[in-house]
1. Just want the ordering: A:12, A:96, from fewest to most Cβ atoms lying within 10 Å of their own Cβ.
2. Please say if the range B:108-267 is rounded, prolate or oblate, where rounded means a/c under 1.5 for a ≥ b ≥ c the square roots of the C-alpha gyration tensor eigenvalues, and otherwise the choice is prolate for a/b larger than b/c and oblate otherwise?
3. For the range B:21-64 and the range B:221-279, write down the distance between their C-alpha centroids in whole Å.
4. Divide the volume of the convex hull of the Cα atoms of the range B:219-352 by its number of residues and quote the answer in cubic angstrom per residue.
5. To the nearest 500 deg cm²/dmol, what mean residue ellipticity at 222 nm is calculated for chain A from DSSP H runs of n ≥ 4 alone, each contributing -39,500 (n - 2.57), summed and divided by the residues?
6. Over the range B:79-118, what relative contact order in percent results from Cα pairs under 8 Å that are six or more residues apart?
7. Neighbouring Cβ atoms within 10 Å as the yardstick, rank B:243, A:10, B:59 fewest first.
8. Quick check on the range B:273-314: take the gyration tensor over C-alpha atoms, sort the square-rooted eigenvalues as a ≥ b ≥ c, and tell me if it's rounded (a/c under 1.5), prolate or oblate.
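Please treat every number below as a calculation from the coordinates, not as lab data. Computed from a predicted model, the values in this text were never measured in an experiment. We place every Cβ from the backbone using ideal geometry, glycine too, and count neighbours over all the protein chains shown.
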């Protein structure tokens, strides 16, 4: 059974045991505007919690996406290379960024659940 | 024109309208302006290329020069031929410094017994100080602070404005004339910063919102913000002051020699003329060029450019995504020997060298009405 958590940097993390899928929240895509390019990490890359994992480019600017936990990139969403706009149209579904293996699942346990994230962005 | 709160950026006469339309307000050159509306930059860009868009450019400085010596006095500060500028005509120019560097770029029009100047918001105080110190003889400078500036840009702009001000469609590219629009005494130039046909309209501040609402009521028109203005001008190959041109670039390397008319090239008589004339004769050591990335990654301002051997040969000065091109576009400076169209270069994006080619500017053909 998977559970969805959110970071304060507006990423969502869909946790399934030791694996996690990462993307950006609907709120984040609204703030970024039209997304035109995503610089995804290489498969096999080691990620460090809080460090840059990907870069998302809107028409106007480039924004960094941070790793929500330590781990290793298992898979990236290649479809975004041709259709980066999927992040705008379906940010929490088809617009996922990458899948990673978590080194320490407890690192994501403290992230916000959906209700907490909602009140976080409403603040 | 400026509505200033105790603190924070100044508001233009259209500020309340921007908020009502859902504009995302950002500080820009000391003003609170919409970077985009809910439609988004991509849609606003396409709106401008396909129909018409309304931009609030009231942050720009509007200056009036009067007096018998106004033409000669201004020619001493800019390399444009002002004496040869017909009444009702406008020219693009720039203030240069003694090294030939560019202090600001501006529009100058001949309004009969006065000259109308439009300068960049970020530079207007410095420009006015520069002119106040440098304009010699019988010249009076007045900053116009009670007028807004609206840009209506796009292939449908003329048809829309003709409904409100019959006859305005007869203006040709770079004409600038007094026009009454919906009862407002305006000064309209057929020009803009998008590469499209269109107008920039100086309108009394207290009539600006009514005119903007009237324009937006036309089905071909939608509001567009600073974001689309930037992507449009980049595709059109137009320079953004402080980025593509500044005090460290001169008009020859910036590929703006078309704006220095023959008489001024020969006679000089503007700050830095000797250096500009030398580079005109000998060629500039570096050139502003278009850059077309081969992949989809945008190459932003500051991106380093390298040649095949890995040596640094220049840098990107403006770059992003071109919605009409459908991919990334950029411009920047490279050493003269690499400025030929088609030259392959590497642009270093986040540490990775990515291939790009020198490309002709503009990326999107200009659609000006020359009559």
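1. Lowest to highest Cβ neighbour count: A:96, A:12.
2. prolate
3. 22
4. 147
5. -5000 deg cm²/dmol
6. Result for the range B:79-118 is 36 percent.
7. By the 10 Å Cβ count, ascending, the order reads B:243, A:10, B:59.
8. prolate
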